[in-house]
Amino acid sequence: MNNFRSSISGWISAYSYVLCFAILIPFLFSGCGDQRVQTITYLEYQPVYMSEQEFKSAVQMEEPRALKEPGKIYFYNDYLFVNEVNEGVHIIDNSDPASPSRVGFVNIPANKDIAVKGDYLYADSQSDLLVFDLSNMQDVQLVSRKEDVFKLTADDYPEGPHQQVDPSQGIVVDWKKVEVQETCSGGCYGYGDHILMADGSGASAPESPGGTGGSLARFAITGDYLYAVDSHNLITFDISAPEPMQASEKEVGWAIETIFPHKSNLFIGSQQAMYIYDVSTPEAPIQLSRYPHFTACDPVVVKGDFAYVTLRTGNTCARGVNRLDVLNVEDPKNPQKVGFYEMINPHGLGVDDSVLFVSEGEEGLKIMDVSDPYNVEQQRHITDIKARDVIPLNDVLIVTGKDGILQYDYSDIENVELLSTIPVEQDASE
């Protein structure tokens, strides 16, 4: 009997082995020549290079040019400074918001951030800090260049597939989208939403002696100090003289995005948290607190004892949420959330007295009543514009977005009136 059981057991084991081998045969040979070949087409970013000599000699004042991709904005002394992403700064006379007048363009390769104090414009140019004399707006002159003060990391590369940088070709000043075809056997992986075809088929003014920046700014001025953030660090410059001197550099955290000054504090937004730094000793900022949140793109503005933070999903923060958080920051060492409100896809924001303006990207602009910060109420939703960032100042709202720069009179919130538009213009060849 035992021999019979042993025979049966052996037969079952042998059968199981043969069956498993038969099942595995297709997988064992799928790596050989009989694979499905497919061609995919996807978008990839290609670096745009300049030689070091071209990079430095390109910095100069030019005639006004068309607005193509507006970035950061800054308002100072009746002038509006608009960053043209990776190209430079538009200077616009905005003494009459109903009829803005273009003054000129300062060509600055790889420029993204700006700030102004007195007669000086501060701008980044890749890893350098540049200072310009604005005493003659018709003839803006470069007076200082501080080299390699900003650290460039992988966070500074475009979102999505991009080609590897080759330092031997020069300095990267921009990225352009190119269409790439790739033929591969089996599955083609790693391109996500960037695949086009397969198989060939088709803010309120910060309390600062400088000007007013938007909520997406990485530069902020208080007193005689310029504070700048790169992807990880807070860098302090003494700007009491035309030649800025770096006073300190502190590591803040990961994926730092924005900075907003309020009284003697800096509010720094990142994809993981909001940080509050004390700058009562301006050359040596001290971290007071860290308010963590979901992974999300995160600008912040402050009015009185309350901070308003928008959290947004995006390519680099896809696991986040879309909402407005309200924080009591009366004790900056212990910020407390007092409310949150669901949003669509909030970007920049700005606050003026009891009115909060929230940019909703492709979904327009929301106007919120924050007279009671514990019970924020939506007043209006303007849907016929694309809003990325805002500056509310003296009853004039400056809005930037894909369509250009729009200015509104909001002295009557129930009847917000469009004053002017500086449209985005595309080249005829595009």
Legend entry - Lone qualifier among Asp369, Asp412 - being touching a Ser or Thr at 6+ places or on another chain (Cβ under 8 Å) and acidic (Asp, Glu): Asp369
Legend entry - Residue list for segment 348-365, restricted to those being part of a strand (DSSP E or B) and touching a Pro at 6+ places or on another chain (Cβ under 8 Å): Leu349, Gly350, Val351, Asp352, Val355, Phe357, Val358, Ser359, Gly361
Inset, instruction - Looking only at segment 234-245, decide whether some residue is at pLDDT 95 or above, surrounded by 23 or more Cβ atoms within 10 Å (Cβ to Cβ) and within 25 Å of Val326 (Cα to Cα). - result: yes
Inset, instruction - Kindly indicate whether Ile385 is in a strand (DSSP E or B) and either out of contact with any helix residue (DSSP H, G or I) (no Cβ under 6 Å at 6 or more places or on another chain) or of a type in the set (Val, Ile, Thr) (or both). - result: no
Legend entry - Residue, nearest to Gly214 (Cα to Cα), within segment 318-366, restricted to residues that are surrounded by fewer than 15 Cβ atoms within 10 Å (Cβ to Cβ) and in contact with a Ser or Thr (Cβ under 7 Å, 6 or more places away or on another chain): Ser354
Legend entry - Residues satisfying the stated conditions in segment 412-430, i.e. hydroxyl-bearing (Ser, Thr, Tyr) and modelled with pLDDT under 95: Ser429
Inset, instruction - Scan segment 246-277 residue by residue and report those that are crowded, with 21+ Cβ neighbours inside 10 Å, of a type in the set (A, V, I, L, M, F, W, C) and under 16 Å from Val302 (Cβ atoms). - result: Ile259, Phe260, Leu266, Phe267, Ile268, Met274, Ile276
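The values are calculated or read from the model by the stated rules, or taken from the named source; none is laboratory data. Note that this is a predicted model, so its numbers are computed, not measured. Positions of Cβ are backbone-derived with ideal geometry, glycine not excepted, and every protein chain shown enters the neighbour counts.
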